[in-house]
Amino acid sequence: MVITRTKIKHKIGLSIPLIIGLVITLYSSQWYWLNKGVNNIAQQSEKQINELVLFIDQQLAQFEIIPEVIATNPILQEGLLAQKNPKKMAEINAYLSELQKVTESSDIYLTDALGIAIAASNWDQPSSFVNQDYSYRPYFIAARSGRSGRYYAVGVSSDKRGFYFSNPVYHNGQVLGVIVVKVDIGVIEQQSTGIAIAGQYEFMISDPDDIVFLSSINHWRFNSLTPLSQSKRFALNNAKRYANRPISELSIHPDYKVNSATDLNTYKITSSKGSETFLEKKQLMPNANWTLHILAPMSPLYKSLPAIMLLAASLYLLIVLFILYTIERRKNLLRMHHAQNQLEQRVKARTLELEQANTQLKDTQDELIQAAKLTVIGSLSASINHELNQPLAALRSYAQNTQTFLGRNMFDDAKNNLKIMIELTDRLADIIAQFKSFTRKSQGKDNAIEIQQAIEQALTIVQPEIDKQGVQLSKSLPTGKCQIWGDTVRLQQVLVNIISNAIVAMQQSSQRHLTISVNKISDSNTLIISIQDTGPGVRESQMSKIFEPYFTTNERQGLGLGLSISQRIIESMQGQITVENSDKGGAIFRLSLPIYLHEGN
Ligand code: ADP
C-alpha cells in the first residue's frame, strides 16, 4: 500500500514537469514557427509590393505625357476658338478618336474653359462625352488653374473606372480649355491581378479616403477600409468620384489602422465567401496619391502549424524518453555497481570466513592426523617398549659388569664394556630420534622424498613389532635415485599405518610374510609402492568401507582413521591408494605416486 502510494506520488511528481515542458515546447515551437513565417512573408511582401508599385507606376506613366503633348497641338486652340464650327469640331473629334486608338487609352476629350466637353474620341458613341459637364472634376479644376491634373474616378457616363490625366490648353497665355486622357484602370487591375496570383497574394489599392477601388478580389472593390461616417458619405457623393457605385464598409478585424506605426499588420477580412486572415503590407504611391496594399494569406502558415507542433512534440518526447532512459540506465548502473560492491564485500567476508574455517579445519585435520599417528604408536608401544628395554637391560648388565671389572682392577675389560655401553646409548638415542621424528607434527612443507629412505625410516618404527610378531620381511627397492614430491613425515605415517595394519592382520596367520616392493612405471611417470601381507585379506563386503573414517575391525586398539587419513595424504600428493586381495590370500595395498622429475632423476 505504502509502495503503491509512493509510486503514484513519484509518477505525479514526474508528470507535472513533463506536461509543463510539453506545453512550453508546443507554445515556443508555435511562436517560433509563426514568427519565422511572418518574417518570411514580410520579406516576400516587401519585394512584391515594390514590384507591383513599379509596374502600376510604369503603366500610368505611359499616359501621363499624352495630354501635355496634345495640348500643344494648334488644332485644339483653333477648335476652342471656333466651337460653333462643326467642321472644326468634326476634325478635332476625328483627331481625338485617332489618338485614342493609337495610345490605347480609354477616352480622350476636350472641354472648354467651363468644363463642358466640346469634342471627344467617343463623339459618335451613345455614351459620348460631348456636351457633358466636367467642371466639378478635380482634374478639370487643376488644369483650369494651369496645372496638369491626375485623378481617379468612375466615369459618369461610361461607369468605368478610369484614371484621368489632364492638361490646360493655352491661347495667348490664357487657359482656353482642358484636354483629358482617360485610362481604363480595369486593364491595369487585370494585369496586376495576374502578377498577384503568380505571387500567391492579394492586393488592393485605396484612395486618400481609404476607399478600395482596385483589387485582385472583386468584392473588396468599392469598400471603405475605415468606418463610413455620415459626413464622409456626403463628401463622397459630392465628389462623385465613384459616380453611382454604392460604397460599403469592408468587414475587417481588427479595425483598419490608417496611420499604423508599422507597415505590417494582420487583419481578418470577412466577406460572403468566408473569412480569411492576411498579413498586410502597404506602401504609398506618391504620384497617384494611392496606397497599395499587399495581403498575403496566413492560412498556409496556420495549416502547417499542426504538423510543426506535432514534430516539436515528437522531438520533445523523444528527448524526454532519451533523458529518462539515460537516467534510468545510470540508476541501474549505480544499482548494479552497488550490488556488485555488496557482493564483493560479501564474497570477501565469506572468503575470510572460509579461510578461517579452512585453517580451523586444517588445524583439526592436523590434530586428527596426529591423533591417528599416536594411535599407531600406541599400538606399537609394547614392541617399542621392548625395543627400548632390551638395550636398557643390556646397559644395566654392562654397567654391573663394569663395576665388577673395576673392583678387580680389570681396566681393559671395563674400558671395553664402556665402549659397548656408549654404542648401546647411541642405539637408544637413534631409536628415540626415529620415534621423535615420526611423532612430531608435520610442518606441512613439501620437498623431494627419497623413496627408499622413507620406507627404511617407516620400517624403523615398525621393526620392533615385526620382530615381536616374527614377521618375515622381504623388500624389493629400486637401486637408483627414486624421488617423489611431498611431505616426508606424512608419507612415513601412511607407510607405518599400512605396515602396522598388515602386521595386525597377520597376527592369526601361521605364515607371516610382509613384502614391500617399489616399481617405477616410466610410461606414466608413476611410482608404485606395494605392501603385501599373508593375512586373511580384506573381506569383499568391506572393501569399499575400509577407507571410510571410523571403520575398524580392530575395536580394541583401532580408531578406524588410519586408512582414511592415509588416503587423504596420498591424494594430496596427487597419488592414489588402492587395495586388493592376493590370489594366495592376504591383502595388497598399492600406493601410486607421481615420480618427481628433475635433472638426474
Ligand atoms: P584401524 O587400523 O584403526 O582399524 P584403519 O583405517 O587403519 O583403522 O583400518 C580400517 C580397517 O581396514 C581395519 O580395521 C581392518 O578391518 C581393515 N584392514 C586394514 N588393513 C588390512 C589388511 N592388511 N588386511 C586386512 N584388513 C585390513
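The values are calculated or read from the model by the stated rules, or taken from the named source; none is laboratory data. Since we're looking at a predicted model, the values are computed, not measured. When we count neighbours, we look across all protein chains shown, and the Cβ atoms used for this are built from the backbone with ideal geometry, even at glycine. Only protein heavy atoms, including side chains, enter the accessible area calculation; ligands, DNA and RNA are left aside. Shrake-Rupley method; radii C 1.70, N 1.55, O 1.52, S 1.80 Å.
Each Cα pair of the stretch 282-393 feeds into the Kirkwood radius, which the Stokes-Einstein equation turns, at 4 °C and 1.567 mPa s, into a diffusion coefficient of 52 µm²/s.
Computed from phi, the 3J(HN,Hα) profile of the stretch 103-110 under the Karplus parametrisation 6.51, -1.76, 1.60 (θ = phi - 60°) reads 8, 6, 7, 7, 8, 10, 8, 10 Hz, with x in place of Gly and Pro. Computed over protein heavy atoms with a 1.4 Å probe, the carbon and sulfur contribution to the accessible area of the stretch 177-261 reaches 50%. Kirkwood hydrodynamic radius of the chain, from the reciprocal of the average inverse Cα-Cα distance over all distinct pairs: 37.9 Å. Here, P(r) means the percent of Cα pairs in each 5 Å bin from 0 to the largest distance; for the stretch 352-496 it is 2, 8, 13, 15, 14, 13, 10, 8, 6, 5, 3, 1, 1, 0, 0.
Helix 451-469 sits at what angle to the longest principal axis of the chain, using alpha carbons and giving 0 to 90 degrees rounded to 10? That helix lies at roughly 40 degrees to the long axis. Exposure check, 1.4 Å probe, all protein chains in place: GLU571 carries approximately 100 Å² of accessible surface. The calculated 222 nm mean residue ellipticity attributable to helices in the chain amounts to -18500 deg cm²/dmol, summing -39500 (n - 2.57) over DSSP H runs of n ≥ 4 and dividing by all residues.
The apolar share of the surface of the stretch 476-599, taken as the fraction of accessible area on carbon and sulfur atoms (1.4 Å probe, ligands and nucleic acids excluded), comes to 45 percent. Taking the chain as the reference, fit the longest principal axis to its C-alpha atoms, fit the long axis of helix 562-572 to the helix C-alpha atoms, and give the angle between the two in degrees, 0 to 90, nearest 10. Around 50 degrees separate the two axes. Taken as Cα centroids, the stretch 404-429 and the stretch 350-397 sit 35 Å apart, rounded to the nearest whole angstrom. For TYR152, the residues whose amide H sits under 5 Å from its own are TYR164, ignoring neighbours fewer than 5 places away on the same chain, with H placed 1.01 Å from N. Pairwise Cα separations in the stretch 217-362 fall into 5 Å bins from 0 onward with the following percentages, short to long: 2, 6, 9, 10, 10, 8, 5, 4, 4, 4, 4, 4, 4, 3, 3, 3, 3, 3, 3, 2, 2, 2, 1, 1, 0, 0. If you take the Cα centroid of the stretch 261-282 and the Cα centroid of the stretch 26-47, the two points sit 16 Å apart.
For the stretch 467-565, how big is Rg over Rh, using alpha carbon atoms and the Kirkwood form of Rh?
Over the Cα atoms of the stretch 467-565, Rg/Rh equals 0.99.
DSSP bridge analysis restricted to the chain gives an antiparallel fraction near 90%, rounded to the nearest 5.
Given the convex hull over the Cα atoms of the stretch 430-494, what projected area results after averaging over all orientations, in nm²? Before the final figure, lay out each step's value.
Values: hull surface 19.9 nm².
Averaging across all directions leaves 5.0 nm² for the Cα convex hull.
A 1.4 Å probe over all protein chains sorts SER121, SER148, SER127 by accessible area into SER148, SER127, SER121, starting with the largest.
If only the Cβ of Lys and Arg carry +1 and only the Cβ of Asp and Glu carry -1, the dipole of the chain around its Cα centre is close to 1320 debye.
For the stretch 22-118, which whole-number percentage of the solvent-accessible area (1.4 Å probe, protein heavy atoms only) is attributable to carbon and sulfur atoms?
59 percent
Send over a whole-number figure in Å² for the accessible area per residue of the stretch 338-496, probe 1.4 Å. Don't jump to the answer; show the numbers that get you there.
Numbers: 9680 Å² over 159 residues.
Heavy-atom accessible area per residue stands at 61 Å².
Quick one: check the C-alpha center-to-center distance for the stretch 209-238 versus the stretch 145-202, whole angstrom. So the two Cα centres are separated by 18 Å. Over the chain, Cα pairs under 8 Å with separation of 6+ residues give a relative contact order of 8 percent.
Under a 1.4 Å probe, what is the accessible area of the stretch 142-227 per residue, stated in Å²? Mind showing how you got there, number by number?
On the way: 3040 Å² over 86 residues.
Here the residues of the stretch 142-227 average 35 Å² of exposed surface.
The C-alpha atoms of the stretch 385-464 occupy a region whose extents along the principal axes are 57, 22, 20 Å, arranged from largest to smallest. Rolling a 1.4 Å probe across the protein heavy atoms gives the stretch 537-601 an accessible surface of 61 Å² per residue.
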